[in-house]
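Read-outs: derived from the displayed coordinates by stated rules, not from any lab. On a predicted model such as this, the values are computed, not experimentally measured, just so you know. Reconstructed Cβ throughout: ideal geometry from the backbone, glycine too, with neighbour counts over all protein chains shown.
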Amino acid sequence: MRCLAVALLVLIGCAHGPKVNEVVFKVGRKVTTRALVTSATFCPGCGENAPVTITFGTPPHVSVVIPLCYAHAHSKIGDHDKLSIELALGHVAATEGQIDIADCTSKHLVASVWAVFPDGSRLDANIDSELVDPGH
């Protein structure tokens, strides 16, 4: 019984993944920053450049731009979908990354994101957010 309790405490203590609508930054195994979704927009009038933009943190820390957002999509940085994951400070683009979209409509996005930046830091995000039209 004691071993089970210790194992449970270890598992709880090691749970550093993102909560819903949160991004977690890590360098190696160390969590350096956590930030919540502060803006989630669907911009039908923006053309192909940025129909869905998710911003984390205040002031903005990272933005995820999804040019093609549809249910069951899997996009990687550098593929034809032109996914962009960028640190706001200095506009540093991720060198690799991916988004797995469970559902995306003009009103709501459910997705998970990961990315790696030139300095070796990594982000993981879990998104389940309502989308608003910035023009209205």
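Can you give the net charge of the other residues whose Cβ lies under 15 Å from the Cβ of His108, counting K and R as +1 and D and E as -1? Result for the local shell: -3.
Here the gap between Arg34 and Glu96, fully extended at 0.36 nm per residue and compared with their Cα-Cα distance, gives a gain of 20.3 nm. Within a Cβ distance under 12 Å of Lys19, other residues only, what is the Lys/Arg minus Asp/Glu net charge? In short, -2. Between His72 and Asp133, the modelled label-to-label distance comes to 2.8 nm, taking each label 7 Å out from Cα in the direction of the beta carbon.
For Lys30, the lysines whose Cα falls under 20 Å of its own Cα, not counting residues fewer than eight places away in the same chain, are Lys19.
Listed by chain and number, the aspartates and glutamates whose C-alpha is less than 14 Å from the C-alpha of Lys107, apart from same-chain residues fewer than 8 away, are Asp128, Glu130, Asp133.
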